[in-house]
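Asker: I have a structure here, written as structure tokens, and I will follow up with some questions on it.
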Amino acid sequence: MTAETEVLSDSHPAERTERAPRRMSRHVVGWLLASPLTVILAAFLILPIITIVVVSFWGATEFSIYPAFQFDNYEFLFSSPVTYTVFLNTFKYAAITWVCTLLIGFTVAYFLAFHIRSLNWQIALFLLCTIPFWTSNIIRMISWIPFLGRNGIGNTALINAGIIDEPLEWLLYSDFAVILAFVHLYTLFMVVPIFNSMMRIDRSLLEAARDNGASGWQTLWNVVIPLCKPGIMIGTIFVITLVMGDFITVRFMSGSQSANVGRLISNDIGLLQYPSAAATAVVLLCTVLLVIAILMRFVDIRKEL
């Protein structure tokens, strides 16, 4: 330490004495302001997760469960080939739904952000996209059944148009119906964050790209998409977590012919096998957290928050 630094450090000891309590008081006030939210998160998020983890190690009989510390539930889960089939099916639904929602969501967001100049029209069209969310998910999902059925509107229209000669059996109670319902239910979760990212893009960057001779596709690939990565990642996290945890859509739209991890947990709960359901839920939670951690390695979503 130089002599000049020592002089500066010792020049105002009274000020340093006054600043220390101020910093301490601000620190205490910050903790006090955050404490209500901390209590709420601890009571309604952390405590239930801890309870699920604890119950996953318990034992179960045909009609009861008993406290224990054993790995039977996890051993049965990882030794059953059904588990891997169901998890693979869950990843398949999540991957296909993600691709479809990303393509649709990016297209809708791009149209609203760059092709609609009027703010009033942007708000009106955006609200139009949210109208389906004014009803229950189950109602919106079940509404596809009379459309996709063997004698439904879709098959009838195709037959009357001469496109097909007989009804298509795979339209309903199939993986196609499940993915269609997922895309319908969760596309808006992809549209909103991407649209938010696009609205933050400085329009002068697009003008600069055009002035330098970039085509529309080059501008999209080199300017718009890189700047939309945080929004795309947030939408991806929303869609993947919602699809992997959904079970009612798979049950109704597949006609109970297919299953995912959520459906496996639901079946265990219906059979009163709570420890087994808790173990499956813990594995699913760890899987989702691992997927989110991998996604967050690619982009810093804190810029969007």
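Asker: If you rank 192, 99 by fewest surrounding Cβ atoms within 10 Å, what's the result?
Answerer: Numbers: 192 19, 99 13.
Ranked by crowding around the Cβ, least crowded first: 99, 192.
Asker: Fewest Cβ neighbours within 10 Å first, please rank 62, 75 accordingly. Could you put the intermediate results ahead of the total?
Answerer: Working: 62 7, 75 11.
Least to most surrounded, the residues fall as 62, 75.
Asker: If neighbour count is taken as other Cβ atoms inside 10 Å, put 266, 143, 204 in order from fewest to most.
Answerer: Working: 266 18, 143 14, 204 9.
Fewest-to-most Cβ neighbours within 10 Å comes out as 204, 143, 266.
Asker: Calculate, in nm to one decimal, what residue 128 and residue 217 gain on full extension: separation in residues at 0.36 nm each, minus their alpha carbon distance. Let's see the in-between values first.
Answerer: Numbers: separation 89, 0.36 × 89 = 32.04 nm, distance 2.78 nm.
Contour length minus the Cα-Cα distance gives 29.3 nm.
Asker: Between residue 170 and residue 53, what's the calculated FRET efficiency when r is the beta-carbon distance and R0 is 45 Å? Round to 0.05.
Answerer: Details: r = 40 Å, r/R0 = 0.89.
My answer for the efficiency is 0.65.
Asker: Also, quick follow-up: Place a +1 charge on the Cβ of each Lys and Arg in the range 81-303 and a -1 charge on the Cβ of each Asp and Glu, then give the dipole magnitude about the Cα centre in debye, rounded to the nearest 20.
Answerer: Numbers: 13 positive and 10 negative charges, 110 e Å.
Charge dipole of the range 81-303: 520 debye, to the nearest 20.
Asker: Decide, for the chain, between rounded, prolate and oblate: order the square roots of the alpha carbon gyration tensor eigenvalues as a ≥ b ≥ c, take rounded if a/c falls under 1.5, and otherwise choose prolate if a/b is larger than b/c, else oblate.
Answerer: Values: a/c = 2.61, a/b = 1.23, b/c = 2.11.
Verdict is oblate for the chain.
Asker: Can you give the FRET efficiency to the nearest 0.05 for residue 75 and residue 142, using r as the Cβ-Cβ distance and R₀ = 35 Å? Write out the running numbers ahead of the final one.
Answerer: Values: r = 38 Å, r/R0 = 1.10.
For residue 75 and residue 142, the calculated efficiency is 0.35.
Asker: Given the options 163, 257, 230, identify the residue whose Cα lies farthest towards the positive end of the charge dipole of the chain (+1 on Cβ of Lys, Arg; -1 on Cβ of Asp, Glu).
Answerer: 230
Asker: State the extension gain, in nm to one decimal, for the chain segment bounded by residue 85 and residue 103, taking 0.36 nm per residue of separation less the distance between their alpha-carbons.
Answerer: Going from the current span to full extension adds 3.7 nm.
Asker: In nm, to one decimal, how far is the residue 119 label point from the residue 271 one, both placed 7 Å along Cα→Cβ?
Answerer: Between residue 119 and residue 271, the simple spin-label model gives 5.8 nm.
Asker: What size of dipole, in debye to the nearest 20, comes out for the range 46-180 about its Cα centre when the only charges are +1 on Lys and Arg C-beta atoms and -1 on Asp and Glu C-beta atoms?
Answerer: 620 debye
Asker: Another one. Please sort through the DSSP H helices of the chain and keep those with an alpha-carbon extent of at least 30 Å along the long axis and a Kyte-Doolittle average not below 0.5.
Answerer: Membrane-span-like by this criterion, though nothing is claimed about a membrane: 81-110, 274-296.
Read-outs throughout are calculated quantities, based only on the coordinates presented, and are distinct from any laboratory measurement. All values derive from a computational prediction rather than experimental measurement. Every residue, glycine among them, receives a Cβ derived from its backbone with ideal geometry; neighbour counts consider all protein chains shown.
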